[in-house]
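Working notes for the structure below.
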């Protein structure tokens, strides 16, 4: 049986697809057979972040409507054989997704895979609803910023009441906080909500903090999930996140501002 | 450093303002999240009835449903209008008698 993880946030542009791609690659690299599904029908981008945009022939909606088989639509990653991508349709609209269809595809994938990552679209419409509906775990991607925190809280309410687990009265979805685009320097100056502030408001289990990093744009520019950039802070942050999710004990990093000596201030100062 | 601290304490940081605003907002939104869907309609109908007797508007009435382990409490809160309207109210009452 696969574990179904939804990567969600409510708000757009906080790093859901970056996270989905990084976490899926991280799990696959650790030897877990993983599939990542793009639920953003009409606005697919996961393929671009994972660098497989030219290999898309069939998509999620084709599979749901029996226009192709699952194996025809799944794209195997060229860098890691344990990772598969199920792209969203670019031409259809969100109504092309049905609860019955999504459930059927997830059930079929569950037989073959250990982890299924559902990359949710922004908003709380059909695509976002179906991305979280069947989930066992939820990664709430939040930026330390008022609108993102508010939307995350709204999303938590939806997870707790509208998911399959909630409707069936089963054990609730496990929720994890992933604080991204974090800038310890700005937190220190009192210009940005701190990890503790966000934790106090959302009271979620913190899976990790991803620092604001140039490497994220560099990675998406070249279609390489940032987790593969092992030198980068964001890449390392995602590796930690995957390790923690799998139960490893990793102390949190990237929370405090780097201490610069006088030398550093003079020569590396921004 | 002490001078810097002096300026800091005088003006709350924007992060502190953000946190406070969020705490208030989130608490409010969470309490209304678990409301049953009939509550707005109930509020509207109650308001219509009360309007017949008092000079009240949307803002002066609040309806909330609280839930604890043992029971559910429907709380109805009406802020009575100021003195001018009290006279009205009193006269209505007397007439009622």
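The values are calculated or read from the model by the stated rules, or taken from the named source; none is laboratory data. Quantities reported herein were computed from a predicted structural model and do not represent experimental measurements. All Cβ positions, glycine included, derive from the backbone under ideal geometry; neighbour counts span all protein chains shown.
Assorted remarks:
- Filtering region A:197-223 to residues that are within 12 Å of chain B (Cβ to nearest Cβ) and either closer than 17 Å to residue A:239 by Cα or in contact with a strand residue (DSSP E or B) (Cβ under 8 Å, 6 or more places away or on another chain) (or both) leaves A:198, A:199, A:202.
The rows are residues; the columns are (1) within 9 Å of chain B (Cβ to nearest Cβ); (2) at pLDDT below 95; (3) closer than 16 Å to residue A:9 by Cα.
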{"position": "A:147", "(1), (2), (3)": "no, no, yes"}
{"position": "A:150", "(1), (2), (3)": "yes, no, yes"}
{"position": "A:164", "(1), (2), (3)": "no, no, no"}
{"position": "A:172", "(1), (2), (3)": "no, no, no"}
{"position": "A:176", "(1), (2), (3)": "no, no, yes"}
{"position": "A:179", "(1), (2), (3)": "no, no, yes"}
{"position": "A:183", "(1), (2), (3)": "no, no, no"}
{"position": "A:187", "(1), (2), (3)": "yes, no, no"}
{"position": "A:195", "(1), (2), (3)": "no, no, no"}
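- Conditions (1) touching a strand residue (DSSP E or B) at 6+ places or on another chain (Cβ under 7 Å); (2) within 18 Å of residue A:252 (Cβ to Cβ); number of the one not met by residue A:156: (2)
- Meets criteria (over 18 Å from the mean Cα position of the chain (by Cα) and part of a helix (DSSP H, G or I)) for residue A:231: no
- Of the candidates A:149, A:141, the single residue that is in a helix (DSSP H, G or I), crowded, with 24+ Cβ neighbours inside 10 Å and in contact with a strand residue (DSSP E or B) (Cβ under 7 Å, 6 or more places away or on another chain) is A:149.
- Where residue A:125 falls short, out of the listed (1) in contact with a helix residue (DSSP H, G or I) (Cβ under 8 Å, 6 or more places away or on another chain); (2) within 14 Å of chain B (Cβ to nearest Cβ): (2)
- Strands (runs of 3 or more DSSP E) contained in region A:21-122 and holding at least 2 residues surrounded by 22 or more Cβ atoms within 10 Å (Cβ to Cβ), under 20 Å from the mean Cα position of the chain (by Cα) and free of Cβ contacts under 8 Å to residues at least 60 places away in the same chain: A:83-86
Residue-by-condition table, conditions (1) surrounded by 18 or more Cβ atoms within 10 Å (Cβ to Cβ); (2) at positive phi; (3) outside any loop (DSSP other than H, G, I, E, B):
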{"residue": "A:128", "(1), (2), (3)": "yes, no, yes"}
{"residue": "A:135", "(1), (2), (3)": "yes, no, no"}
{"residue": "A:160", "(1), (2), (3)": "no, no, yes"}
{"residue": "A:181", "(1), (2), (3)": "yes, yes, yes"}
{"residue": "A:209", "(1), (2), (3)": "yes, no, yes"}
{"residue": "A:218", "(1), (2), (3)": "no, no, yes"}
